[in-house]
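These notes concern the structure reproduced below.
The values are calculated or read from the model by the stated rules, or taken from the named source; none is laboratory data. All values reported here derive from a predicted model rather than from experimental measurement. Please note: Cβ atoms are built from the backbone with ideal geometry, for glycine as well, and neighbour counts cover all protein chains shown.
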Amino acid sequence: MNLHEFQGKKILAEHGVGIQRGHVLSDKKNTLKVADQLIKETGTGWFIVKAQIHAGGRGKGGGVKIAKNVDELEDVVSKILGMHLVTPQTPKEGKLVNQVLIAEDVYYPGESDPEEFYISILLNRETGKNMIMYSTEGGMDIESVAEKTPELIFYEDIDPLIGIVPFQSRKIAFNLGLSGKAFKEMVKFISKLYKSYVSSDASLFEINPVLKTSDNKIIAVDAKVTLDDNSLFRHREYESWRDLKEENPVEIEARSVGLNYVDLDGNVGCMVNGAGLAMATMDLIKQSGGEPANFLDVGGTADAKRVETAFRLILKDKNVKAILVNIFGGIVRCDRVAKGIVDAFNNMGNSINVPIIVRLQGTNAQIAKKIIDNCGFKVYSAIEFQEAADKIQELI
């Protein structure tokens, strides 16, 4: 589950991490009220207006602007709130901005120049440990840093059983080139950031930039946070933060009926039972010259109603040119699945307007093949993986 910046910062603040303070706004009529409140709390003279969408690259897309006074603030808020913001991480049409964060200016003059760093925490699947990834080159161009100068990105693996130990925080602060008060502040920042990550059951905490202010404070200016859905039963408050406006409506519908569905950009729909088989099926589609249009695991109860619901979800994608049904009949009998597919066709009428390839293996697979072959619909049966791959290639 992805969080907005202001939500991620709330988690950080709860664990004592310094943040760029601000207030979220969804109605431009309240701009002056929010501005007055922020001035009282922080004394800021300038304001930073940030679009709140689940995508990175907001600054390059025009979703982050500076306002030097209240009059400018009203104008900036009016322009950003309600815009369709296009970034490298959004669909082509962009995402509608329903709310903005009005934040304090933290780039004020002082005894030294502000410095921007990049710090993120995520799981290193190769080592089975949490990993802190960091760089001295924080800011909007971190992607190009990773591509062109990867030597400027550092990694620190953290044993999840032990947690982060003091020497690791000091090592990170040293590699970032800090000294004196800023060094000590960064050590504290790293420790509290890691605590935020673990305590919230997050799968990602990305802070870009982490700012050393002109008076040597260390604060999070941004916060990109992804929580593990499987842990939300422990965090009821976080679960209530889910912004359905930012999520794919088909994925929301699938979740409401207990289906595991992820929308992709391809042309061949997938209906599979079991996550491992679903991944193998997606590989099969690519090897046959197609592109998977979705990940869809119907689970072990592939009855007629469930199959029909799965078909309806897949067919919402207008790019789908064919559907591959790949079921292993272990818990569920193949003939029962075949009957479910036929019943779904009968119920949906002409709604299914693309060819269907059905591969059923396991209990009663031969009976299932006869049911599919004799159903009279535009359905093609297959027994072997290669047979299904050849049929996909032929149809698309």
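Quick notes on this structure:
- One residue from ALA382, ALA388, ALA368, ALA322 being touching a residue at least 40 places away in the same chain (Cβ under 8 Å), over 19 Å from ALA275 (Cα atoms) and among the hydrophobic types (A, V, I, L, M, F, W, C): ALA322
- Out of VAL17, VAL76, sole residue that is over 19 Å from the mean Cα position of the chain (by Cα) and farther than 22 Å from VAL225 by Cα: VAL76
- Considering residues of segment 338-396 that are of a type in the set (Phe, Trp, Tyr) and touching a Phe, Trp or Tyr at 6+ places or on another chain (Cβ under 8 Å) only, the residue surrounded by the most Cβ atoms within 10 Å (Cβ to Cβ): PHE345
- Residues that are over 22 Å from the mean Cα position of the chain (by Cα) and of a type outside the set (A, V, I, L, M) number at least 2 in the following helices (runs of 4 or more DSSP H) confined to segment 136-204: 166-175, 180-199.
- Checked against the criterion of being surrounded by 13 or more Cβ atoms within 10 Å (Cβ to Cβ), farther than 30 Å from LEU32 by Cβ and modelled with pLDDT under 95, the candidates GLU151, GLU137 yield just one match: GLU137.
- Boolean, GLU185 is within 19 Å of LYS129 (Cβ to Cβ) and either of a type in the set (A, V, I, L, M, F, W, C) or assigned by TED's automatic domain parsing to the domain that holds ILE11 (or both): no
- Here ASN69 meets the list (1) more than 30 Å from SER191 (Cα to Cα); (2) touching a Ser or Thr at 6+ places or on another chain (Cβ under 9 Å) almost entirely, failing just condition (2).
- Single residue of LYS29, LYS79 found to be out of contact with any Lys or Arg (no Cβ under 9 Å at 6 or more places or on another chain), more than 14 Å from VAL221 (Cα to Cα) and not assigned by TED's automatic domain parsing to the domain that holds LYS192: LYS29
- Count of residues meeting criterion [under 22 Å from VAL187 (Cβ atoms), not β-branched (Val, Ile, Thr) and not in a loop (DSSP other than H, G, I, E, B)] in segment 105-123: 6
- Summed over segment 132-158, residues that are aromatic (Phe, Trp, Tyr) and touching a helix residue (DSSP H, G or I) at 6+ places or on another chain (Cβ under 9 Å) total 2.
- Every residue from segment 273-298 that is in contact with a Gly (Cβ under 8 Å, 6 or more places away or on another chain) and buried (at least 23 other Cβ atoms within 10 Å of the Cβ): ASN273, ILE285, PRO292, ALA293, ASN294, LEU296
- Here GLU126 passes the criteria (1) surrounded by 13 or more Cβ atoms within 10 Å (Cβ to Cβ); (2) over 18 Å from SER214 (Cα atoms) except the one numbered (1).
Residue-wise test of (1) in contact with a helix residue (DSSP H, G or I) (Cβ under 7 Å, 6 or more places away or on another chain); (2) modelled with pLDDT of 95 or more.
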{"position": "GLY16", "(1), (2)": "yes, yes"}
{"position": "ARG21", "(1), (2)": "yes, yes"}
{"position": "VAL24", "(1), (2)": "yes, yes"}
{"position": "LYS28", "(1), (2)": "yes, no"}
{"position": "THR31", "(1), (2)": "yes, yes"}
{"position": "LEU38", "(1), (2)": "no, yes"}
{"position": "GLU41", "(1), (2)": "no, yes"}
{"position": "GLY45", "(1), (2)": "no, no"}
{"position": "LYS50", "(1), (2)": "yes, yes"}
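- Of the residues examined, VAL268 is one that is over 18 Å from ALA338 (Cα atoms) and either among the hydrophobic types (A, V, I, L, M, F, W, C) or free of Cβ contacts under 8 Å to residues at least 24 places away in the same chain (or both).
- Qualifying positions in segment 242-281 - assigned to a helix (DSSP H, G or I), farther than 16 Å from LEU315 by Cβ and β-branched (Val, Ile, Thr): ILE252, THR281
- In segment 23-39, residue farthest from TRP241 (Cα to Cα) [restricted to those that are in a helix (DSSP H, G or I) and in contact (Cβ under 8 Å) with a residue 12 or more places away in the chain]: LEU32
- Checked across segment 211-224, the condition of being in a helix (DSSP H, G or I) and under 23 Å from the mean Cα position of the chain (by Cα) holds for no residue.
- Residues of segment 105-123 satisfying the condition of being more than 30 Å from LYS33 (Cα to Cα) and surrounded by fewer than 21 Cβ atoms within 10 Å (Cβ to Cβ): GLU111, SER112, ASP113, GLU115, GLU116, SER120, LEU122, LEU123
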